[in-house]
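One structure is given below, encoded as structure tokens.
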Amino acid sequence: MSQNPTNPTRRGFLAGAAMAGGAAVAGRVHAQAAPDPAITELQPWNQYLGPGVDAAPYGMPSPHEAHVIRRNVPWLTADSVSSVNFTPLHELEGIITPNGLAFERHHAGVADIDPAEYRLMINGMVDTPLVFTLADLARFPRENRTYFLECAANGGMEWRGAQLNGCQFTHGMIHNVVYTGVPLRLLLEEAGVQPGALWVLPEGADASAMTRSVPLEKALDDCLVATHMNGERLRPEQGYPVRLVVPGWEGNMWVKWLRRIEVGDQPWQHREETSKYTDLLESGDARRFTWVMDAKSVITNPSPQAPITHGPGPTVITGVAWSGRGTIPRVDVSLDGGMNWHTARMSGPSLDKSMHRFYYEFDWDGAPLLLQSRAMDSTGYVQPTKEQLRHFRGENSIYHNNGIQTWAIDSDGRAENVEVG
Ligand code: MTE
Ligand code: CO
């Protein structure tokens, strides 16, 4: 920041921010005192014409942002076909994940579907089995809704202790996107669901033929058959040309490259809901059909990939929070490993089953910190500590780790993934 530090308007702004955030911001951000060539000298971009409008028919980010990319964890996935990469949460602001940065998880690589040959079949317990083309789908009323998609395995590597150094890796199996799609209810009504039907089975057209049993009640409630993300056609890796949107529920159920929806009267007990996507408890029993993603949050800045690079003084903490059960009216931030909590400032749209953005501005004295965030959702549910989670769920789980994350910040501003006990 380079505004005049004596500007009373700016002081007023900081005081206002302090009140809103509940934080005491006593210090000020100082502008450069000595002459700065970056302002006193003409720069190349001031002197020469830039490229014209034809240079990039499909625009790309600035080359200076080349580090803002999806990344994988090499030891986690041996090959890139049955694989996962992670959203760079520490590089993003607001609540929308740009299409090129939305994490990918596929069990058999990315299917390449010719839209002219695309078909969606509805069969099983329906009056009239139907097959839709993309053009058919475009003739149904469509809706625009913003939802997070979180893989049930997000944070799965952290169950037994702190392991991965970066929120991209600990929390990056999530994206938040504006979907355009046809309510699944309308397609099911067109086919005519028969009495006694209770479940649907969406199936993918990729080589994994992903299937999950979804209760009919959910299918008729808020599921979308989506064709667009953030205003443009779905990206191939997100299921082009059609994916199922299952708001608030684990990512595995959001079948990509959707080719068929079967209607039935009982769950199909397929691989992804028996062997996988179940939670083995200490007792030896496994929790099954754990669909909803509970409230969760993470501080994205600072974090191991995004240390504090300035010294003591005004410091902005930010992060994201979400819940599969509603909105996030409140996030608290702790600077001391959960002993004291401060209410963060929410900024941006507060939408059902969507990501929320929070900020906490404070005056850092340069002492080490133990940063935590704790989300509360609109049902009153409070995000648990990792200890509380392990108490109920043991340590065998992979999925549904929504425990509170801790970053240890040292006096140089470096951040590390730790646990406090
Ligand atoms: N659908 C199909 N057809 N094939 C898949 O491999 N992966 C699932 C789900 N839908 C998958 C799929 C899993 S485990 C997750 S977490 C989400 O898609 C990931 O969606 P994304 O790639 O858009 O992030
Ligand atoms: Co997944």
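See the values below:
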| quantity | calculated |
| --- | --- |
| Residue among T77, T97 that is open to solvent by 20 Å² or more (accessible area, probe 1.4 Å), part of a loop (DSSP other than H, G, I, E, B) and either among the β-branched types (V, I, T) or in the same structural domain as I317 (by TED's automatic domain parsing) (or both) | T77 |
| Residues (within 16 Å of ligand 2 (Cβ to nearest atom), in contact with a helix residue (DSSP H, G or I) (Cβ under 8 Å, 6 or more places away or on another chain) and open to solvent by 10 Å² or more (accessible area, probe 1.4 Å)) located in the range 214-256 | W249, N252, K256 |
| F148 vs. criteria out of contact with any Pro (no Cβ under 8 Å at 6 or more places or on another chain), within 16 Å of ligand 1 (Cβ to nearest atom), among the aromatic types (F, W, Y) and closer than 25 Å to R325 by Cβ | yes |
| Meets criteria (surrounded by fewer than 19 Cβ atoms within 10 Å (Cβ to Cβ), of a type in the set (A, V, I, L, M, F, W, C) and either more than 28 Å from L92 (Cβ to Cβ) or assigned by TED's automatic domain parsing to the domain that holds E190 (or both)) for A207 | yes |
| Criterion: more than 14 Å from ligand 1 (Cβ to nearest atom) and more than 30 Å from P349 (Cβ to Cβ) - qualifying residue of V81, V131, V68 | V131 |
| Residues within the range 372-390 that are open to solvent by 50 Å² or more (accessible area, probe 1.4 Å) and part of a strand (DSSP E or B), tallied | 2 |
| So M253, is it within 9 Å of ligand 1 (Cβ to nearest atom) and closer than 13 Å to R145 by Cβ | no |
| Some residue of the range 187-202 being within 19 Å of H106 (Cα to Cα) and more than 16 Å from ligand 2 (Cβ to nearest atom) | yes |
| Residue count for the range 248-268, restricted to those that are assigned to a loop (DSSP other than H, G, I, E, B) and either at pLDDT below 90 or hydrophobic (A, V, I, L, M, F, W, C) (or both) | 4 |
| Tally of residues being within 14 Å of ligand 1 (Cβ to nearest atom) and in contact with a strand residue (DSSP E or B) (Cβ under 6 Å, 6 or more places away or on another chain) across the range 182-208 | 4 |
| Test: S283 is assigned to a loop (DSSP other than H, G, I, E, B), assigned by TED's automatic domain parsing to the domain that holds F148 and of a type outside the set (A, V, I, L, M) | yes |
| Cβ-Cβ under 7 Å pairs, at least 6 apart or on other chains, the range 248-260 side within 16 Å of T227 (Cα to Cα), far side part of a strand (DSSP E or B) and within 11 Å of ligand 2 (Cβ to nearest atom) | W254/L149 |
| Filter pass, S275 being open to solvent by 10 Å² or more (accessible area, probe 1.4 Å), within 29 Å of L92 (Cα to Cα) and either among the hydroxyl-bearing types (S, T, Y) or within 18 Å of the chain's Cα centre (by Cα) (or both) | no |
| Selection status of R119, at pLDDT 95 or above, within 30 Å of G403 (Cα to Cα) and more than 16 Å from ligand 2 (Cβ to nearest atom) | no |
| Subset of the range 315-347 [open to solvent by less than 40 Å² (accessible area, probe 1.4 Å) and not in a strand (DSSP E or B)] | S323, G324, G326, T327, I328, L335, G337, G338, A344 |
| Output for the range 228-250, where each listed residue is touching a Pro at 6+ places or on another chain (Cβ under 8 Å) and within 10 Å of ligand 1 (Cβ to nearest atom) | L234, L244 |
| Matching residues in the range 302-314 - criterion: being surrounded by fewer than 22 Cβ atoms within 10 Å (Cβ to Cβ) and part of a strand (DSSP E or B) | A306, G313, P314 |
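The values are calculated or read from the model by the stated rules, or taken from the named source; none is laboratory data. Here the structure is a predicted model, which means the values were calculated and not measured. We place every Cβ from the backbone using ideal geometry, glycine too, and count neighbours over all the protein chains shown. Side chains are part of the model used for accessible areas, which takes the heavy atoms of the whole protein and leaves out ligands, DNA and RNA. Shrake-Rupley method; radii C 1.70, N 1.55, O 1.52, S 1.80 Å.
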